[in-house]
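Here the structure comes first, spelled out in structure tokens, and everything after it is commentary.
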Amino acid sequence: MLVSTKWLADYIDTKGIAPADLAEMITRSGIEVDAVIDRSHGMTNVVVGHVLERVKHPEADKLAICQVDVGEEVTQIICGAPNVAAGQKVIVARPGAVLPGGIKIKKAKLRGEESNGMICSLQELAIEGKLVPKAYAEGIYVLPEDSQPGADALELLGLNDIVLELGLTPNRSDAMSMLGVAYEVGAIISEEMKYPEVNYVSSSEVAENVLKLRVEDMDANPMYVAKVVKNVVIGESPLWLQQRLMAAGVRPHNNVVDVTNYVLMEYGQPLHAFDYDRLQTGEIVVRTAHAGEKITTLDDQERELQPHHLVITNGQEAVAIAGVMGGANSEVHEGTTTVVIESAYFNSASVRQTSKDHNLRSDASSRFEKGVDPNRVEAAAERAAQLIAELAGGEVLHGSVKVDELDKSQKEVVVSPDFINNRLGMKIPLEEMTSILTRLKFDYEAANGLLYINAPTRRQDIQIEEDIVEEIARIYGYDEIPMTLPVGETTQGGLTPYQAQRRIVRNYLESAGLHQAITYSLTSKELAQSFALESAPVTELLMPMSEERSTLRQSLIPHLLEAATYNVARKADSVTLFETGSVFLGETAEGLPHEEEHVAAVMTGKWLDHSWQGERKTVDFFVLKGIVEGLVAKLGLDQFVTFEQAQVDGLHPGRTAVIKLAGKFVGFVGQLHPTEQKKRDLKETYVMELNLAKLVTFSLEPLVYTPVPRFPSITRDIALVVERGQAAGALQQIIRSAGGKLLKDVRIFDLYEGDKMEPGQKSVAFSLTYEDPERTLTDEEVVKAHSKVLKALEEQGNAQLRG
Amino acid sequence: MEAQLQQLKQEAIDQVQNASTVKELQDVRVAYLGKKGPITDLLKGMGKLPAEERPKMGALVNVVREEVTAVLDERLVLLEEVAIQQQLANESIDVTLPGRPVKTGNHHPLTRVIEEIEDLFINMGYQIAEGPEVEKDYYNFEALNLPKGHPARDMQDSFYISEDILLRTHTSPVQARTMEAKGGEPIKIICPGKVYRRDSDDATHSHQFTQIEGLVIGENIRMSDLKGTLSIFAKKMFGDDREIRLRPSFFPFTEPSVEMDISCFKCGGSGCNVCKKTGWIEILGAGMVHPNVLEMAGYDSKKLSGFAFGMGPERIAMLKYGVEDIRHFYTNDVRFVSQFHRTEV
């Protein structure tokens, strides 16, 4: 909503409060002023000129040499506008003038001819092209004939004005009108506001005799008022009206249409004017549309209607979409002599739906869909009749043609002053509250310790006690509310164990060298299921904005890989990223997808670079596996987790392990398949994904201390010759289970696959630690345990001691 | 014999003085004082002396022995010192060479902001509540006083999965779910999480972003409690000298509704480019929980009241760290993320 402060002064005296200060007061008490716009844009030296003579420039077809009376002198100005003509009163920027954008006007010579200034279009005075009346859209603007040469043109055009741009929230539709804003300002600055005076002489002819009205759907249209004005002369509106409309962001058309728009802005009540003769039938019938019925609206669009759309008809065909836009077939035009002014109350939900269906939002629909003031419907029609009579010379027929079942009663809200104060944590005296209600123009009665309030119908947002709390507080001032903290039981704050563990996981991965990433949950249908830990139906959007963001992800890896590609393309020599986030699988009983939190990582490029000491390493499988092992150890799950060679779609078939927790699959770690790497312009890249929820909710025995060993341990190293395909992890497992109670630890310390081995064989060396917590081990005990291990290795692992 | 002894002593002392390394000195010690050395030999030979001379000779030998030892020990200290100096000189390194790097990563800036806010409220007795990112229309809208067809639904264009299921447009459904689950009991929670809106991604819009909301419900919770709580938040998050102001606003789930501004942390309120010359920066929306929201979740709005607030970690991170484009948070450029490495307490 654009509020011209000059226009606003018609209804309220703001007592010289500077517009910027007024804006701040309005913002602080309820309606955000988004911008304070100075329409003069610092312009100077712009005056009225009288074009006395216009001759074609001898050297240029498109230029004209004009002799212009600018009050103090007659001066020559070269003008390029096609519509400049002798006799016109025009806008002249004199030499020394500054126009918007800092353009300075100087005396100049144009193709040999002197030019002392510029004849201006409205666009050159910073009026948006779409607001300039069509007749002047392509040229200079022509001022009224009675304008005085040399007079201040900015004053005449109303450009010495400050406009407040209000950012209205949906509840404050009352401020979508100048009168509404005047009420609001009046309450804020404690000043009375005044309504426009409406009086005119109506003709003896009775409106009801020339127009019949029938409303078929009283729910969608509980009130319809029509006024008939005869003998109008369609023409340009007076300048004051045009400039107010432009200040409000509305393009002037002709006097009748401009009046309807003016009253819309003034009262907040949308109006529509029909050409009575083009209606043809002398009848208005409001009904729902027939299926397939069509109408061409004022914007020259043909629109197909549906049975839930309300239309205005002439009894036969649709002439307007109710509350949204008029039809071209009944539009007021140059030759119109009799107009029908429509002022109606259309149900907000109905208009909202219709406007949405046609993707057509107008100044009218945006007001109807939030609810207009029932008590202004008829008043606005009268105001329009008065102005049309005044400005288009018409005769207003006697009375209105009207259907009215609209409830115009005020909403009663009963609230106790204590409730208001308790809710605010304040002690506002009753007198202060009633004074605020008076300023707001709310009717009230204070009795029995209660306030009986009748909220005016323009304030449809006032429904419950809490609404009154807000009204009192915002006018009293939110700065006056003290600062306290909730009293009552103290509560224990904190993270749930799950949340705490998730933080531990993140912190661990960061300490281990990975940066946290956050990627999008929405992905393409194609990527949604790649790398998913389990196969489940996908969740798709009904109306995606793009194919790329159409489906919810089932794995975090695809977008992490995108991030890796992005970074590598920007010459990052190392990418180490992880993410924790939800994946979306199948459907729960509630009908929602099953959301499961996962953790995933991607690593590629340099890992360790301490080059001057010759230590360099790029990321490999064991770097990432080590990080995963560290993670499960941090969570106390190391003894429950196993890694098994496996094949996973999209990963290198020989360099991938699935990860199992207590035998159950929880994730994988591996190298991206070389073809996938190539597709993404990546070199050797490693990924892992784990079901985070399963890891952190695994039930563990409480941590209990084991005594630090008091007796020495004994270490035995063995080197084994096995087949090359034999998994070292399996050998380790054999050793563990054969070693018995005394075997404390088994570590792999060497792997050899070189020339010294027989083809197809390798050597794996283990270091075994034996220990007895109770006493010093004897040699015989160790020998006994160790030989069991060797026997098991030979029998189960086909492993020979290397000679 | 005495002369022999004196000569030996002199010899030994000369040798000691000539020794230039610890090793040489040890050799001298072994040579003269060792079990097979001449002084020990002399002592062994005393048996051949007449009994009355033995004590005198014994004492003399011991004196010589002590004298030699003392000289030797003195020399030893000196030579050891020399040796150490030598060793240190040899071991000297260029300490300006870089150390072996320990690779570490860090929180995403949004997580950094979210955890900071979580911890701040945890210390005030709040718990962290979470909920699904794909929600029912009921929890996302209806339970929050946004029935179907409500004009305020336009404020949030949504990604629907079906007619009744959508990607949540705010974290408020977590509040609705928590209230429903608590069955009329007091609540004090913070709800962080990802949310989604039908916006084209540009410098100030992202179809996915994060929110963090707070909800307190109890007996006689007042608007002054909201103001006091938000003031503590603003000071802890943006500096002790921050002031706050509330401006009326509108949210369907609160009444009264406010927006909170903080005094500009860059210019202190005098006006700069961060606060767009106003001295104030809009940080969050808040209000008193609408009675319809309480009643719908089974709370008696006559007995209990509450406040709620919500903010965008992206906006806070953008303000705090001067980030100009929201898309940086979702591009995961290592050059961006790694800038949030250092701690700030």
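Observations on the structure shown:
- Only aspartates and glutamates eight or more places from B:Lys48 in sequence, or on another chain, were considered; those with a Cα closer than 18 Å are B:Glu2.
- With helices as the sole contributors, chain A gives -7500 deg cm²/dmol at 222 nm; each DSSP H run of n ≥ 4 counts as -39500 (n - 2.57), and the sum is divided by every residue.
- Tensor-based shape of region B:32-82 (alpha-carbon gyration tensor, a/c under 1.5 rounded, otherwise prolate or oblate): oblate
- Under 19 Å, Cα to Cα: Lys pairs in region A:1-129, sequence gap 8 or more or different chains: 4
- Between the Cα long axis of helix A:430-439 and the first principal axis of chain A there is an angle of about 60°, rounded to the nearest 10.
- Compared with the dominant Cα axis of chain A, that is its longest principal axis, helix A:255-267 is turned about 60°.
- By the beta-carbon count within 10 Å of each Cβ, the least crowded to most crowded order of B:Met223, A:Met483, A:Met688, fewest first, is A:Met483, A:Met688, B:Met223.
- Neighbouring Cβ atoms from other chains, within 10 Å of the Cβ of residues in B:216-223, number 6 on average.
- Within straight-line reach of A:Lys625, meaning a Cα separation under 21 Å, sit the following lysines at least 8 residues removed in sequence or on another chain: A:Lys606, A:Lys617, A:Lys634, A:Lys660, A:Lys664, A:Lys683, A:Lys694, B:Lys103.
- Evaluated over region A:730-789, the count of Lys pairs having alpha-carbon atoms less than 16 Å apart is 4 (only pairs 8 or more residues apart or interchain).
- Choice from B:Ile122, B:Ile221, B:Ile39 with maximal GNM fluctuation in chain B (Cα, 10 Å cutoff): B:Ile39
- Cα principal axis extents for region A:338-493, largest first, Å: 72, 39, 29
- The charge dipole of the protein assembly as shown, taken about its Cα centre with unit charges on the Cβ atoms of Lys, Arg (+1), Asp and Glu (-1) only, comes to about 3740 debye.
- Among the GluC sites (Glu not before Pro) in region A:485-546, those placed in a DSSP loop whose Cβ has at most 16 other Cβ atoms within 10 Å are A:Glu489, A:Glu534.
- Shape class of region B:202-278 from the alpha-carbon gyration tensor: oblate, with a/c at 1.5 or above and b/c at least as large as a/b.
- Put in order of Cβ neighbour count within 10 Å, fewest first, the listed residues A:Trp612, A:Trp7 become A:Trp612, A:Trp7.
- For region A:542-579, the list of trypsin sites (Lys or Arg not before Pro) that fall in a loop by DSSP and count at most 13 other C-beta atoms within 10 angstrom reads A:Arg570, A:Lys571.
- Cα lying deepest toward the dipole's positive end in the protein assembly as shown, options A:Phe665, A:Asn255, A:Leu552, charges on Cβ: A:Phe665
- Screening chain B for whole DSSP H helices with an alpha carbon extent of at least 27 angstrom along the helix axis and a mean Kyte-Doolittle hydropathy of at least -1.0 yields B:54-91.
- 27 Å Cα-Cα reach of A:Lys230 towards lysines, excluding residues that sit fewer than 8 places from it in its own chain: A:Lys134, A:Lys212, A:Lys402
- Anisotropy class of region A:44-156 from Cα gyration tensor, a/c 1.5 cut: rounded
- Span from the region A:613-664 Cα centroid across to the region A:20-40 one, whole angstrom: 61 Å
- Least to most buried among A:Arg214, A:Arg278, B:Arg100 (fewest other Cβ within 10 Å first): B:Arg100, A:Arg214, A:Arg278
- Cα-centre dipole for region A:8-126 with unit charges at Cβ (Lys and Arg positive, Asp and Glu negative), debye to 20: 460 debye
- Any cysteine of chain B lacking a neighbouring Cys Cβ under 4.7 Å - listed by number: B:Cys191
- Using just its DSSP H runs of length 4 or more, each adding -39500 (n - 2.57), chain B gives a mean residue ellipticity at 222 nm of -13000 deg cm²/dmol after division by all residues.
- Mean-position separation - Cα centroids, region B:144-204 and region A:64-91, in angstrom: 62 Å
- An ellipsoid equivalent to chain A, defined through the eigenvalues of its Cα gyration tensor, has semi-axes of 81, 36, 28 Å when rounded to whole angstrom and sorted largest first.
- Shielding of B:129-141 by partner chains, average beta-carbon count, 10 Å: 3
- Calculated P(r) of region A:411-475 - Cα pairs past 15 Å, %: 42 percent
- With coordinates expressed along the principal axes, the C-alpha atoms belonging to region A:235-324 extend over 44, 24, 24 Å, beginning with the largest.
- Bridges between two residues of chain A, per DSSP, are antiparallel at a rate of about 95%.
- Each part gets one Cα centre, and for region A:95-126 versus region A:397-450 those centres are 56 Å apart.
- Taking GluC sites (Glu not before Pro) across region B:1-110, the ones in a DSSP loop with at most 10 further Cβ atoms lying within 10 angstrom of their Cβ are B:Glu52.
No lab work stands behind these numbers, since they all come straight from the coordinates. Bear in mind that the values here come from a model prediction, so they are computed numbers and not experimental data. Using ideal geometry, Cβ is built from the backbone for each residue, glycine included, and neighbour counts are taken over all protein chains shown.
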